[in-house]
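Nothing in this text is a laboratory measurement; each read-out follows from the coordinates by a stated rule. Predicted, not measured: the structure shown is a model, and the values here were computed from it. So basically every Cβ, Gly included, is an ideal-geometry build from the backbone, and we count neighbours across all protein chains shown.
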Amino acid sequence: MAAEQKQKTIKVDPDLDFIRQVNAAGGDTLKKCFQCATCSVVCNLTPDNRPFPRKEMIWASWGLKDKLVKDPDVWLCHQCNDCSVKCPRGAKPGDTLAAIRNYLFKNLTFPRFLGTWMSEPKYLPLVFGVPIILLLAALSAAGTIGKIPEGEIEFSKFLPHGGLYAVFISSTHLAALFLLVSLVRFWKMLGASDVSSAVGNSRGATAGDLRASVIATVKEILTHAKFGKCDESKHRYLGHLGIMYGFLSIAIGTGIAFFMMYGLRIEPPFGQFTPPKILGHLGIIALVIGLILVIRHRLSGDEKVSKSTYQDWYLLVVLLTVAVTGELVELVRFAGIAWLAYWGYIVHLVFVFALLGYFPYSKFAHIFYRFVAILHSKYTGRDAGVADLAA
Ligand code: SF4
Ligand code: SF4
């Protein structure tokens with residue numbers, strides 16, 4: 001009798017704005033869920049301990065934003081859509097988790113107005129307007145607007161390094177700093193969540209060992225081990241690998257170019273058979289092939305199972321445009337068409353800015369949040385049930 005009188009009351013305080021934003025970000029089928037748990041049963045990536053995505057479906061439909069913001073499972077999902085194919089209600093749990101991630105890109109990193117800019121196409125004039133104005137200002141300061149430099153085509157004659165760095169280094173460094181602050185905050189939020197109590201009880205080989213967890217996380221990401229576990233989207237594996245290794249190759253090539261310029265004092269342009277150029281060309285080939293595979297998959301996909309969002313397309317189209325304009329500019333430079341090479345270079349830089357200047361607020365940031373979530377999962381022993389993937 002006394003026990004009955006002391007029944008615990010749980011107050012649910014739904015965040016209606018959160019529900020509205022998740023719906024707008026691709027989670028509009030969320031309300032169809034009737035909590036049968038088929039999705040959690042069929043997901044090959046979910047750990048045994050407190051599986052996903054059924055619990056995320058109910059949290060999202062109740063507007064429990066505070067639970068989802070610190071839920072690492074949102075980031076452990078690779079949107080393979082095995083669950084969405086099997087869902088008897090067409091609630092698309094794979095898309096709902098993607099929509100929650102889109103909400104987090106928009107709201108986790110300071111300043112939030114940039115997250116808003118990256119969330120809807122109506123802000124594209126602002127997104128592209130900023131790099132256009134900055135680059136035109138740099139060209140104006142260099143006195144090269146309307147004046148094509150003569151002689152061998154060297155981009156630094158049109159846009160001097162000082163102007164290039166003022167536009168890019170300052171913006172990307174600032175963006176990286178803001179992302180780092182968000183990731184530290186995210187790690188703390190995950191640490192405060194109750195799954196951290198899994199440490200000590202875990203069967204996971206890396207539980208409680210940060211170094212081993214970092215190594216296992218890097219290994220898992222480099223091998224894309226979890227993609228291989230998906231049934232419905234296995235073919236995304238190759239596309240995603242191509243994009244990742246293509247991007248890595250370009251990034252390493254760029255790093256070597258900087259070292260050659262500032263460490264070895266070698267002036268660009270570099271020859272076609274130098275490490276930066278070889279890595280750059282190979283990276284672009286891998287990137288373009290990977291992007292074509294992923295874009296083809298998205299275009300031919302069944303909308304009843306999954307629907308691509310604006311955030312998906314923004315990243316794919318901007319990445320593809322960066323790769324294609326980069327190669328075209330090289331070709332035009334090779335052909336000696338100065339005005340087209342110089343202005344093509346500026347167009348290429350606008351797209352590079354659209355990719356890197358806003359990276360903490362676009363889907364690009366999923367690389368970093370997913371890294372932290374997988375690391376947390378390994379460190380806390382949360383992935384004990386799927387630990388054989390990278391242990
Ligand atoms: S999302 Fe679908 S499969 Fe998952 S619990 Fe809801 S109705 Fe069931
Ligand atoms: S989309 Fe794939 S990884 Fe994500 S919850 Fe569904 S089955 Fe699991």
- line: Projected convex hull area of segment 262-391, Cα atoms, direction-averaged, in nm², equals 12.4
task: Go through Lys31/Lys226; Lys31/Lys67; Lys65/Lys86; Lys55/Lys86 and tell me which ones have a Cα-Cα distance over 20 Å in this structure.
output: Lys31/Lys226; Lys65/Lys86
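Loop sites only, by DSSP: take the GluC sites (Glu not before Pro) in the chain that have at most 11 other C-beta atoms within 10 Å and name the longest stretch containing none of them. Each step should come with its number before you reach the end.
Details: sites that count: Glu150, Glu152, Glu303.
Longest site-free region, per DSSP loop and neighbour criteria: 153-302.
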- request: Could you state the orientation-averaged shadow area of the convex hull built on the Cα atoms of the chain, in nm² to one decimal?
  value: 22.1
- prompt: Given H placed on each backbone N at 1.01 Å, which residues far from Gly208 in sequence or on other chains put an amide H within less than 5 Å of it?
  reply: Thr380, Gly381
message: Can you tell me, using C-alpha contacts under 8 Å and at least 6 residues apart, the relative contact order of the chain as a whole percent?
response: 25
- prompt: Taking +1 at the Cβ of each Lys and Arg and -1 at the Cβ of each Asp and Glu, which of Gly146, Leu279, Leu355 sits farthest along the dipole of the chain towards its positive end, judged by Cα position relative to the Cα centre?
  reply: Leu355
field: Disulfide-incompatible cysteines by the Cβ rule (no partner under 4.7 Å) in the chain
entry: Cys33, Cys36, Cys43, Cys77, Cys87
field: Dipole moment magnitude, nearest 20 debye, the chain about Cα centre, only Lys, Arg, Asp, Glu C-beta charged
entry: 880
task: Determine the distance separating the Cα centre of segment 314-385 from the Cα centre of segment 145-178; give it in Å without decimals.
output: 17
task: Would you calculate the volume per residue, in Å³, of the smallest convex hull containing every Cα atom of segment 16-108?
output: 82
- line: Hull volume per residue for segment 233-303, using the convex hull of the C-alpha atoms, in Å³ is 78
query: At a Förster distance of 41 Å, what's the computed FRET efficiency of Ser170 paired with Lys31, Cβ-Cβ distance as r, to 0.05?
result: 0.40
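In terms of the ratio Rg/(2.2 N^0.38 Å) built on C-alpha atoms, what value belongs to segment 125-176? Before the final figure, lay out the partial values.
On the way: Rg = 12.2 Å, N = 52, 2.2 N^0.38 = 9.9 Å.
Compared with the compact-globule rule of thumb, segment 125-176 sits at 1.23.
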- request: With runs of 4+ DSSP H residues as the only contributors, calculate the mean residue ellipticity of the chain at 222 nm using -39,500 (n - 2.57) per run, divided by the residue total and rounded to the nearest 500.
  value: -19500 deg cm²/dmol
